[in-house]
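Input: a single structure, listed below in structure tokens.
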Amino acid sequence: MKKITLILLLFTQIVISQQFDEFKNNRMISITVDGSRLIEEKSEFDSGLDIVGTLILDRSAFIQPLLKFEAFPNIDFYKYGIGGNYTIKIHNQNGYDLFTELSAGIELGQIIRKKPNLESFGAWWTYGFNGEIRVFKPFENIPIIASYNYQRRTDFQMYGSEPKFVGSLYLGLGVNF
């Protein structure tokens with residue numbers, strides 16, 4: 001019952017909302033990449049393209065509901081989730097039309113990975129914490145995004161290890177629509 005209540009609070013418009021007059025379009029999609037994974041010679045990371053797509057369903061809501069999908073094909077890692085972020089906006093006072101958003105929230109999801117036997121996939125429920133900085137300008141509807149995800153990696157159980165939290169930094173762009 002507690003989970004249902006949390007989901008209803010995150011994804012309804014009944015929640016107290018703060019309106020952002022600047023947003024003509026209330027949704028945003030973003031694509032971000034973990035740059036550390038692209039460095040081939042870095043031994044402490046698996047290399048390859050680790051990409052995250054995020055869809056924010058309502059940017060005017062008090063808690064912005066979002067859907068996320070992450071793919072890291074080199075290690076057969078896929079994650080999807082739902083969540084919500086609380087966002088504050090900071091205006092630049094120097095006369096420029098620049099503003100920044102600081103966003104923090106939680107996500108609940110599922111990690112899907114190929115098992116060590118390489119014949120089947122396994123799925124593990126997970127949760128994580130997100131932080132994000134969005135800088136709007138020079139393009140009004142295309143923010144530059146830096147995001148950090150601190151995820152409980154329950155998929156480590158397939159190797160006989162205990163789940164642990166792992167942090168990742170992503171850089172990318174978003175589009176308001």
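Readers should treat all values here as calculations from the given coordinates under stated rules, not as data from a laboratory. Values in this document were obtained by computation on a predicted structure and should not be read as measured data. Counting neighbours? That spans all protein chains shown, and the Cβs are built from the backbone with ideal geometry, glycine included.
Observations, loosely collected:
- Stretching F69 away from R27 to a fully extended chain increases their span by 13.5 nm, per 0.36 nm per residue minus the current alpha-carbon distance.
- Going from the residue with the fewest nearby Cβ atoms within 10 Å to the one with the most, K115, K79 rank K115, K79.
- Size of region 123-164 as Cα extents on the principal axes (Å, biggest first): 48, 16, 13
- Packing-based ranking of 57-70, 25-38 yields 57-70, 25-38, ordered from highest to lowest mean Cβ neighbour count within 10 Å.
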